Amino acid sequence: MKYAFYPGCVARGGTPELMVSANAVMDRLGIEREEIVSAACTGAGVLQERNQKLGDALNVRTFALAEKMGLPIMTICSTCQGVMSQANRRVLRDPEYLAEINEVLAEEGLQYKGTTVIKHFLWVLVEEIGIEELQKTFTKELSGLKFAPFYGCYIVRPSDALGFEEHPERQTSLETVIESTGAVAVENDGKTKCCGLPILLINQSNAIQMVSNHTGEAKDLGADAMVTPCPLCHLNLDGYQPKAAKRRPSGKIDLPILHLPQMLGLAMGMQPKELGLQRHIISTKEVIGKAASAPVAVR
Amino acid sequence: MEQTLRVKRYDPENPGEAGYQDYTVEVTDTTTVLDALLTIREDMDGTLSMRCSCRASICGSCAMRVDGQAKLVCKTRISSVAPNGETLTIDPVGNMPVIKDLVVEFKPFWDKMRAVTPYLQPEGVIPEAEYFASDEDMVHLVGVVNCIQCGACVSDCTVLEVDDSFLGPAALAKAYRFVKDPRDGHQKDRLEDLNKPSGVWDCTRCMQCVEVCPKDVDPMGRIMVMRDMAMETGFNNTSGSRHTESFAKSVKKNGRLDEMKLAVDSMGKFNIPALLDSAPVGLRAMRKGKFPWKGHKSSEPDKVKQIFEKIEGK
């Protein structure tokens, strides 16, 4: 199993712990990958609001690069997944539009034929590796821990761009993976809502209220941590939680926000440093402690 | 076969007794959620209140939440949402005050529609007969005119959930309908208004409205177009506009996004209060080693820049 790896800007920027933990966990799982080092940012929906064709061209270039490598794309960012899925759908539905974009790409000798598959690591776990194989790599049974799933908008909407018809299991993939570790997935309403990051720099008060609602809800449901496949959600839910806590009656929340690979790494018995768990704004100490004292997985 | 519906009940005269009530009805493959609710009201419990009229997804009266997601219940077959006979939870639409059971107060919805001046304001010489518009323009506008004002998008909007001053997806889609109408003479004023707080820049692009709209109006897509139009018209002095520009500049230069620069640029380089307010967050992040000092780049930024130049023509 080999992938054209597309980590996305935030894994290379504001959440270095995602990159570290993803690499550690993927190595353990034996996932071969080759990074598409020349790829551009997907535009994250922001470039698209200025010029959709520009955003689409940057993404189609990435698809063409992967096509040339003969590999499917794997990303570790919900937002990248969604933006790429939407761009791919637009060009596949409209051959004339694709031809226009290919004309732009022709300058560097690239052409997209339309065959590239784009899969988030979360989907790779459920569809390609399979839960049974995944569980074989776990040395800990995280029973006694409760995790709140938080998907990120772009990996759940619009549903018709994300292949849910063909792969209905994608809609509950995060809960499936959480539960595969022996932990409980709490049922938080906020799990498919917006974290607030896209308006953080535009209407900070609203963005922080979203953080307060979602992390507060998960905490009230007894979650030890929140788990997300989206580094953009992580940036807001972790980084702005101290501010959001002021909006709770108790004045505190203290809910660690784990990247998906970090939770898997804990189940694989990896050391906190290998997973970058010291690089969080909200302390991960308690959840690390609980995972460390979790029973040995018996398979 | 039998189907159970858990229906949210609320009686303003007995608010303490609000809660869910289960009803089990006989259904077939083609029974809609509305059919089931009507059976409950007609045959089992006449006290259940709801709105509905045309039963053909034209009137927009019967939007409700089915398992947490806003839908026109007349358009929703039970077999499509509960293929294995799972219990369905029915709530009134969100982000509007409940009057009784599944009936909500639409006043906030109509107030916002009114706020976007939802009628044509032509300028110039009044023609002798009709105002003309091209077929192409009108076919495009039909995509928005299709809105049946059911409130599904408003119900599930994640911004309205935290800020009821936001104009919201339905009113903004309505605004687009007039901003884009070739017969209207106030495009610039409209964009200026929409550029203010609670307008186009407050949308968080979560796509809930796109997902739940039963008529594919795509409110969020319209909001994005109006953002671009506002910037093109010269309304550039907003955090939102600076955010988009800074984002584009960063990707054009390095092929990738520079989050640190994006933050400073969006708030405005001279917006000292906002920068100071965010400083603790930045410092905490730096202490935890969150930001790469070297930045990160595509290995071929020139190729990315070339695409920018080719498409934007500059």
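Read-outs: derived from the displayed coordinates by stated rules, not from any lab. Everything quoted here is computed from the prediction, not taken from an experiment. All Cβ positions, glycine included, derive from the backbone under ideal geometry; neighbour counts span all protein chains shown.
Quick one: length gained pulling residue B:100 to residue B:249 fully straight, 0.36 nm per residue minus the C-alpha distance?
Details: separation 149, 0.36 × 149 = 53.64 nm, distance 5.15 nm.
So the extension gain works out to 48.5 nm.
Considering every residue in B:302-309, what mean count of other chain Cβ atoms within 10 Å of its Cβ is obtained?
Details: counts 1, 8, 8, 1, 5, 12, 6, 1.
Average neighbour count from other chains, rounded to a whole number: 5.
How far is it, in nm, from the label point at residue B:110 to the one at residue B:132 when both lie 7 Å from their Cα along the line to the Cβ?
3.8 nm
To one decimal place, what orientation-averaged projected area in nm² is obtained for the convex hull of the Cα set of chain A?
Values: hull surface 58.8 nm².
With the hull built on Cα positions only, its mean projection is 14.7 nm².
Using every alpha carbon pair in chain B, what percent of pairs falls into each 10 Å bin from 0 up to the bin containing the largest distance?
5, 20, 24, 21, 17, 10, 2, 0
Tell me the label-point distance for the pair residue B:120, residue B:276, using the 7 Å Cα-to-Cβ offset, in nm and rounded to one decimal.
With each label point 7 Å from Cα toward Cβ, the separation is 5.3 nm.
Provide the packing ranking of B:160-172, B:177-189, i.e. peptides ordered by the mean count of other C-beta atoms within 10 Å per residue, highest first. Spell out each step's value before the answer.
Details: B:160-172: 22.8, B:177-189: 17.1.
Sorting B:160-172, B:177-189 by mean packing, highest first, produces B:160-172, B:177-189.
Residue separation times 0.36 nm, minus the C-alpha to C-alpha distance between residue B:233 and residue B:44: what's the value?
Numbers: separation 189, 0.36 × 189 = 68.04 nm, distance 5.82 nm.
Result for the pair: 62.2 nm of gain on full extension.
I need the phi-derived Karplus couplings for the stretch A:195-210: 6.51 cos²θ - 1.76 cosθ + 1.60, θ = phi - 60°, integer Hz, Gly and Pro marked x.
Result, ordered by residue: 6, x, 4, x, 10, 3, 8, 10, 9, 4, 4, 5, 4, 6, 4, 5 Hz.
Run through all the Cα pairs of the stretch B:107-232 and give the fraction in each 5 Å bin from 0, expressed as whole percent.
Each 5 Å bin holds this share of Cα pairs: 2, 11, 22, 24, 20, 11, 6, 3, 1, 0.
May I ask you to derive the FRET efficiency for residue A:117 and residue B:51 from their Cβ-Cβ distance with R0 = 51 Å, giving the value to the nearest 0.05?
Values: r = 44 Å, r/R0 = 0.87.
According to the calculation, E is roughly 0.70.
Any idea what diffusion coefficient the stretch B:2-104 gets from Stokes-Einstein, in µm²/s, Kirkwood Rh on alpha carbon pairs, 37 °C, 0.692 mPa s? Can you show the working numbers first?
Working: Rh = 13.6 Å.
The diffusion coefficient I find is 241 µm²/s.
Give me the inter-chain shielding for A:142-148: mean count of other chain Cβ atoms within 10 Å, whole number please.
Details: counts 0, 0, 0, 0, 0, 0, 0.
Per residue, the average neighbour count from other chains is 0.
When we measure straight from the Cα of residue A:219, which aspartates and glutamates land under 14 angstrom away, once same-chain ones fewer than 8 places off are left out?
Straight-distance partners of residue A:219: A:187, A:189, A:238, A:254, A:286.
Estimate the FRET efficiency between residue A:169 and residue B:28 by the formula 1/(1 + (r/R0)^6), using the beta-carbon distance for r and 41 Å for R0, to the nearest 0.05.
Numbers: r = 28 Å, r/R0 = 0.68.
After rounding to 0.05, the efficiency reads 0.90.
I want to check the label-to-label distance for residue B:302 and residue B:77. Put each point 7 Å from Cα in the C-beta direction and report it in nm to one decimal.
5.8 nm
Mind checking which aspartates and glutamates have their C-alpha under 20 Å from residue B:249, skipping anything on the same chain fewer than 8 residues away?
Within reach: A:49, A:56, B:228, B:232, B:258, B:259, B:265, B:300, B:302, B:309, B:312.
Based on the alpha carbon coordinates of the stretch A:233-273, what radius of gyration and maximum Cα-Cα distance (Dmax) apply, in Å?
13.0, 37
Please report Rg (one decimal) and Dmax (integer) in Å for the Cα set of the stretch A:162-249.
14.0, 44
Calculate the mean, over all residues of peptide B:252-260, of how many other protein chain Cβ atoms lie within 10 angstrom of the residue's Cβ.
Numbers: counts 3, 0, 3, 7, 8, 13, 4, 8, 2.
Other-chain Cβ atoms within 10 Å of each residue's Cβ, averaged: 5.
What are the semi-axes of the equivalent ellipsoid for the stretch A:144-298, taken as the square roots of 5 times the Cα gyration tensor eigenvalues, largest first, in whole Å?
Values: eigenvalues 108, 90, 35 Å².
Square roots of five times the eigenvalues give 23, 21, 13 Å.
Of the peptides B:75-82, A:88-95, how do they stack up when ordered by the mean number of other Cβ atoms within 10 Å, highest first?
On the way: B:75-82: 18.0, A:88-95: 15.6.
Ranking, from highest mean packing down: B:75-82, A:88-95.
May I ask you to order B:128-135, B:26-33, A:116-123 by the average number of other C-beta atoms within 10 Å around their residues, highest value first? Write down the numbers at each step before the final one.
Values: B:128-135: 8.4, B:26-33: 15.5, A:116-123: 23.0.
Top of the packing list down: A:116-123, B:26-33, B:128-135.
Taking Cα pairs under 8 Å and at least six residues apart, what relative contact order does the stretch B:241-285 come out at, in percent?
Working: 24 pairs, mean separation 15.5, N = 45.
Normalised by residue count, the contact order of the stretch B:241-285 is 35 percent.
Cα gyration tensor of the stretch A:123-207, axes a ≥ b ≥ c as square roots of the eigenvalues: rounded (a/c below 1.5), prolate (a/b > b/c) or oblate? Don't jump to the answer; show the numbers that get you there.
Numbers: a/c = 2.69, a/b = 1.45, b/c = 1.85.
Oblate.
What number in nm² do you get for the stretch B:80-132 if you take the convex hull of its Cα atoms and divide its surface by four?
For the Cα atoms of the stretch B:80-132, the hull's average projected area reads 7.8 nm².
Can you tell which of B:19, B:68, B:143 shows the greatest fluctuation in a Gaussian network model of chain B with Cα springs below 10 Å?
B:19
Less than 24 Å apart at the alpha-carbon level, and either on another chain or at least 8 residues along: which lysines does that give for residue A:2?
A:68, A:113, A:119, A:136, B:297
Taking a quarter of the surface of the Cα convex hull of the stretch B:239-312, what do you get in nm²? Display every interim value, and only then the final one.
Working: hull surface 22.3 nm².
Average projection, Cα convex hull of the stretch B:239-312: 5.6 nm².
Using a 10 angstrom cutoff on alpha carbons, build the Gaussian network for chain B and name the most mobile of B:296, B:140, B:243.
The residue with the greatest mean-square fluctuation here is B:296.
Please list the equivalent ellipsoid semi-axes of the protein assembly as shown, computed as the square roots of five times the alpha-carbon gyration tensor eigenvalues, in descending order and whole angstrom. Let's see the in-between values first.
Working: eigenvalues 272, 224, 118 Å².
Value: 37, 33, 24 Å, ordered largest first.
Past the 28 Å Cα-Cα mark, which pairs from B:8/B:75; A:246/B:71; A:273/B:253; A:273/B:303; B:71/B:100?
Values: B:8/B:75 20 Å; A:246/B:71 35 Å; A:273/B:253 33 Å; A:273/B:303 37 Å; B:71/B:100 19 Å.
Table pairs above 28 Å Cα-Cα are A:246/B:71; A:273/B:253; A:273/B:303.
Taking 1 over the mean of 1/r across every pair of different Cα atoms in the stretch A:2-120, what Kirkwood radius in Å do you get?
Values: mean 1/r = 0.0689 Å⁻¹.
This gives a value of 14.5 Å.
Got a sec to turn the phi values of the stretch B:65-75 into Karplus ³J(HN,Hα) couplings, 6.51 cos²θ - 1.76 cosθ + 1.60 with θ = phi - 60°, whole Hz, x for Gly and Pro?
8, 10, 6, x, 10, 5, 8, 7, 6, 6, 9
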